[in-house]
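In what follows, a single structure is set out as structure tokens and then discussed.
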Number of protein chains: 2
Amino acid sequence: MKNPLFVGLDVGGTTMKAGVVDNNGKLLASVSLATEAHRGQEPGLERMCEAIRLAVVAAGLTMKKIAAIGVATPGTMDIPAGIILDPPNLKPWRNVPVRSYVAKAFQLPTAFQNDGNAAALGEFWAGVGRDVHSLVLFTLGTGVGGGIILGDIVVQGEHSHGAELGHMKIEMTNPRQCGCGRWGCLEAYASATSVVKRAMEKLGQRGGAKSQLQAMVGKVDGLTAKDIFDVAQKGDILADKIVDEIALYLAIGAMNMMHIIDPDMVVFGGGMIKTGDWFLQRIKKYVSELAFPVPAERTKIVFAQLGSDAGFIGAAACGRQLLAMK
Amino acid sequence: MKNPLFVGLDVGGTTMKAGVVDNNGKLLASVSLATEAHRGQEPGLERMCEAIRLAVVAAGLTMKKIAAIGVATPGTMDIPAGIILDPPNLKPWRNVPVRSYVAKAFQLPTAFQNDGNAAALGEFWAGVGRDVHSLVLFTLGTGVGGGIILGDIVVQGEHSHGAELGHMKIEMTNPRQCGCGRWGCLEAYASATSVVKRAMEKLGQRGGAKSQLQAMVGKVDGLTAKDIFDVAQKGDILADKIVDEIALYLAIGAMNMMHIIDPDMVVFGGGMIKTGDWFLQRIKKYVSELAFPVPAERTKIVFAQLGSDAGFIGAAACGRQLLAMK
């Protein structure tokens, strides 16, 4: 097929996004639908197919123009089997045969991948990592996810647990409990959820410093990580201290990956990076203090470029890899 | 060349070992020479060539039978350039063009690799990892080194810092200083040196428990990690506590790699594993408590098989890969 096109689909807990990209990773069109996992997995699978169809329509095309499909999902999974096992963000789904369902519906080569891994491949193929040979992505959201790309290889692991970067243990003496139930995981320190939790703790301490955050706790949606970053930028000392600690924790995560994988580039993605370059500079300052001199000097530490499109663009790249493998 | 043979050389701070292996990783003969780095790098390079020649003689062969050579060294290095930069264990060497020197001396394809990476490839090709697709090796000695093999790929990193597994940070609140000058590295907790250091601290504590170790501090060669393991096996409570902590630290290292790389197998090698299976069982117990259920259940946690031959056998495998790449 000349100038093949690909559809990628990224299924999240709240929304699913699908998009059509060309052979160079250029986005032609995308759509977003509510996931509504609570309606059950059969409607969920049908909705995935609908998102794929709608993206193709939005690009002014028919399915005949599509060479392959890729689907990325969160949660525990068996990547080679193409199955989501027991995804915490997609209750009550269990043992959902995503790849075979989509492949059968469209009669097209269909790839299946973890969403963090797909996002990393998206940034590698069409985003901030276009010109590098390898990268490690940290995705900062409710949790901390990730992906590792070496050459064209997605390090998905032998048991579909590769690049669970939020669950490296970085603290022993006084570990915080992580959402996964374990103790001392990076995620327990650097996710948006943990940032708010630490802020609430500090605000609750007797004799704690005055902070603009105190007035925000009573908001309808409660205190958010965004509030903390906003107020830190306005010079609030407590908020600034919290942000500085996040920068340190992320730098520890980056440094560990620089001493384990030693990639060309470490990328941070997710909502938290919207705060801007000043936060990146803080992370970089700590990385330069922590890591070995050569990787500290040469590894590019950057923010992601594709935003929430990275997942479906990377999923499309997984579909594209199926053809390249033939 | 039918039935090609390979020479591997592993240069250590004290001795260098060279061996001839066949195309299946079977060892034909090996030799060991004192490194004597203090005599300077020119004599060092000549001695490397001598070790290679002697290994071939020991195998009853001539260099004509050799298809490729691999050399592994410790220290900071530029792997693609084939140069040791500033190796702490090979003073006063600096910027030593190992690969080009050896390649020129023998007019043979010559590979160059970090010693931890080579040992991992050795175990993967001809040792405990023969039947797996991927493995992570921790080498436990004066320091903690390592290697990562994914498929046939050695994860050497973009700046020759891949698999510096001793320098992942596992502690923030109360970090020990590592030999590298950083704080909280795995090596500061799990190397043989750090084990002795912790024992000495515990023995020096006021009101510390009685221990058989107290009598061993005055030995000519001082207290060793081996003493601590020996005494722990005899039921000494303090020594047993120290060994149990080492098992926990190594399990944390293993778990982190299971959540980052998710290999088929995690291998521990080096002097410390001579203590035997009871120590492996301790590590496995902690891994099963710490890691995610699927990798905890399925990842093989094992001791290395090749002992101090792993480095040169892996170096030979690197030489062999040069031919496979053509």
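Of note:
For (1) out of contact with any Pro (no Cβ under 9 Å at 6 or more places or on another chain); (2) under 30 Å from A:ALA215 (Cα atoms), each residue gets a yes or a no:
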position	(1), (2)
A:ASN256	yes, no
A:ASP262	no, no
A:GLY269	yes, yes
A:ILE273	yes, yes
A:GLU289	yes, no
A:VAL294	yes, no
A:GLY307	yes, no
A:GLY311	yes, no
A:LEU323	no, no
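- Conditions (1) open to solvent by 10 Å² or more (accessible area, probe 1.4 Å); (2) not in a helix (DSSP H, G or I); number of the one not met by A:LEU137: (1)
- Here B:GLY151 passes the criteria (1) modelled with pLDDT of 95 or more; (2) within 12 Å of chain A (Cβ to nearest Cβ); (3) surrounded by fewer than 22 Cβ atoms within 10 Å (Cβ to Cβ) except the one numbered (1).
- Condition check for B:SER191: closer than 19 Å to A:ASN256 by Cα and more than 11 Å from chain A (Cβ to nearest Cβ): yes
- Hits in the range A:154-176 - residues which are more than 20 Å from B:PRO295 (Cα to Cα) and either touching a residue at least 60 places away in the same chain (Cβ under 8 Å) or more than 8 Å from chain B (Cβ to nearest Cβ) (or both): A:PRO175, A:ARG176
- Condition met for B:VAL266 (under 18 Å from B:ALA190 (Cβ atoms), β-branched (Val, Ile, Thr) and not in a helix (DSSP H, G or I)): yes
Rundown of residues vs (1) in a helix (DSSP H, G or I); (2) closer than 26 Å to B:ALA72 by Cα; (3) within 14 Å of chain A (Cβ to nearest Cβ), yes/no style:
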| position | (1), (2), (3) |
| --- | --- |
| B:LYS241 | yes, no, no |
| B:ILE246 | yes, no, yes |
| B:LEU250 | yes, yes, yes |
| B:LYS274 | yes, yes, no |
| B:TRP278 | yes, no, no |
| B:ALA316 | yes, yes, no |
| B:ARG320 | yes, yes, no |
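- Subset tally (residues that are open to solvent by 40 Å² or more (accessible area, probe 1.4 Å) and within 21 Å of the chain's Cα centre (by Cα)) for the range B:283-294: 1
- For A:ALA68, the conditions (1) assigned to a helix (DSSP H, G or I); (2) open to solvent by less than 40 Å² (accessible area, probe 1.4 Å) all hold with the exception of (1).
- Counted residues, the range A:178-193 - those being assigned to a helix (DSSP H, G or I), modelled with pLDDT of 95 or more and out of contact with any Lys or Arg (no Cβ under 6 Å at 6 or more places or on another chain): 3
- Looking only at residues in the range B:297-323 that are surrounded by fewer than 24 Cβ atoms within 10 Å (Cβ to Cβ) and either aromatic (Phe, Trp, Tyr) or free of Cβ contacts under 8 Å to residues at least 40 places away in the same chain (or both), the one that is nearest to B:LEU9 (Cα to Cα) is B:GLY307.
- The single condition among (1) more than 27 Å from A:GLU171 (Cβ to Cβ); (2) open to solvent by less than 20 Å² (accessible area, probe 1.4 Å); (3) assigned by TED's automatic domain parsing to the domain that holds B:THR14 that B:LYS104 does not satisfy is (2).
- Residue count, the range A:194-224 (criterion: part of a loop (DSSP other than H, G, I, E, B) and either without any contact (Cβ under 8 Å) to a residue 12 or more places away in the chain or open to solvent by 30 Å² or more (accessible area, probe 1.4 Å) (or both)): 12
The values are calculated or read from the model by the stated rules, or taken from the named source; none is laboratory data. Keep in mind that what you see is a predicted model, and the values were worked out from it rather than measured. Reconstructed Cβ throughout: ideal geometry from the backbone, glycine too, with neighbour counts over all protein chains shown. The protein model used for the area step is the full one, side chains on, heavy atoms only, and it has no ligands, DNA or RNA in it. Shrake-Rupley method; radii C 1.70, N 1.55, O 1.52, S 1.80 Å.
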